[in-house]
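Take a look at the structure below.
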Amino acid sequence: MDLKSKVSLVTGSTTGIGEASARAFAKAGATVMLHGRNEERGRAVLAEIEKTGATADLVIGDVADPAFCQSLVDQTVERFGRLDVLVNNAGILPEGNASDTSDETWMSCMQVNLNAVFFLSRAAIAPMAATGGGAIVNLSSEWGLNGEQGFVAYCTSKGAVMQMTRCMALDHAAQGIRVNAVCPGEIHTQMVDEWLASKGGDPAESLAELAAGIPMRRVARPEEVAACVLFLASDHARYMCGSLV
């Protein structure tokens, strides 16, 4: 896929699906704005991408802050002159049922997993429309559709992202802005590794237990999800809008 001349912003791109997506965009020729909260890790990813000859930069900050969301989009446009692709990937995975979930945990989950998607997407509309359109790809989850025991905040946030995707797709298609979402299941990311580690026991055995419930009998790699993200951002998906894949 050829994304030359395209400018992409990928949130949470210092690890996991976000990092894999940023690398995929760079390989396809896109200019990439990286984002994360860990500057050391972000600088390492940036250096690796720049070694390939791709143009990239990095902004450190917390998407839980609405003002930062606007600033992140503004900095991308100021640095590279336009914004063609926004990937709303940053997210957290709090565990707990309703009784176990504190006010702070609930609000934090919604701020990062849901509110940030809205604020970043809202900020991206004007610069995308000004250059004839663009693509927004949201990272939801199959848990947003089917639910999962003991993850009420996370599942609720991801379900809301699905509905936001549908609504924004309807609202902004006429401006040439396509909004779609990827809804992966279990992916072998650092976030999943940390969650499994918190459970105790053998991490490899825990990962195998996750894989046992998947038809292909393995947990997906971040690069496999990134391929879907890249497709939805590309002209190959130019007639896909409001899709949940």
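The values are calculated or read from the model by the stated rules, or taken from the named source; none is laboratory data. The model shown is predicted, which means the values in this text are computed figures rather than measured ones. Using ideal geometry, Cβ is built from the backbone for each residue, glycine included, and neighbour counts are taken over all protein chains shown. All accessible areas refer to the heavy atoms of the entire protein, side chains included, with ligands and DNA or RNA removed. Shrake-Rupley method; radii C 1.70, N 1.55, O 1.52, S 1.80 Å.
Think of the chain as a dipole: +1 on every Lys or Arg Cβ, -1 on every Asp or Glu Cβ, centred on the Cα centre; then among Cys241, Leu210, Ser71, Cys241 lies furthest on the positive end.
Using Cα positions and a limit of under 17 Å, work out the lysines in reach of Lys27, with same-chain residues fewer than 8 apart set aside. Cα-Cα hits under 17 Å: Lys4, Lys6, Lys51.
For the chain, the convex hull drawn through the C-alpha positions has a volume of 125 cubic angstrom per residue. Start at zero, step by 10 Å, and the Cα-Cα distances of the range 13-108 spread as 15, 44, 27, 11, 3, 0 percent across the bins. If eta is 1.567 mPa s and T is 4 °C, what Stokes-Einstein diffusion coefficient results for the range 51-179, Kirkwood Rh from Cα pairs, in µm²/s? This corresponds to a translational diffusion coefficient of 83 µm²/s.
Close amide H partners of Ala30, meaning residues 5 or more places away or on another chain with modelled amide H under 5 Å apart, are Leu3. Here the accessible area of the range 96-245 is 55 percent carbon and sulfur, with a 1.4 angstrom probe and all protein chains present. Charge dipole (Cα centre; +1 on Lys/Arg Cβ, -1 on Asp/Glu Cβ; no other charges) of the range 38-148 amounts to roughly 520 debye. Taking amide hydrogens as placed 1.01 Å from N in the peptide plane, the amide H of Gly242 sits under 5 Å from those of Val179, Asn180, each at least 5 positions away in sequence or on another chain. A full extension of the chain between His236 and Ser99 corresponds to an added length of 44.8 nm, given 0.36 nm per residue minus the alpha carbon distance.
In the context of the full set of protein chains, residues of the range 4-121 present 43 Å² of accessible surface per residue (probe radius 1.4 Å, heavy atoms only). A cut-off of 5 Å between modelled amide H atoms, ignoring neighbours fewer than 5 places along the same chain, links Leu58 with Leu34. Here the Kirkwood formula, the inverse mean of 1/r across different C-alpha pairs, assigns the range 114-198 a hydrodynamic radius of 14.0 Å. Packing, as the average of other Cβ atoms within 10 Å across residues, places the peptides 93-103, 110-120 in the order 110-120, 93-103, highest first.
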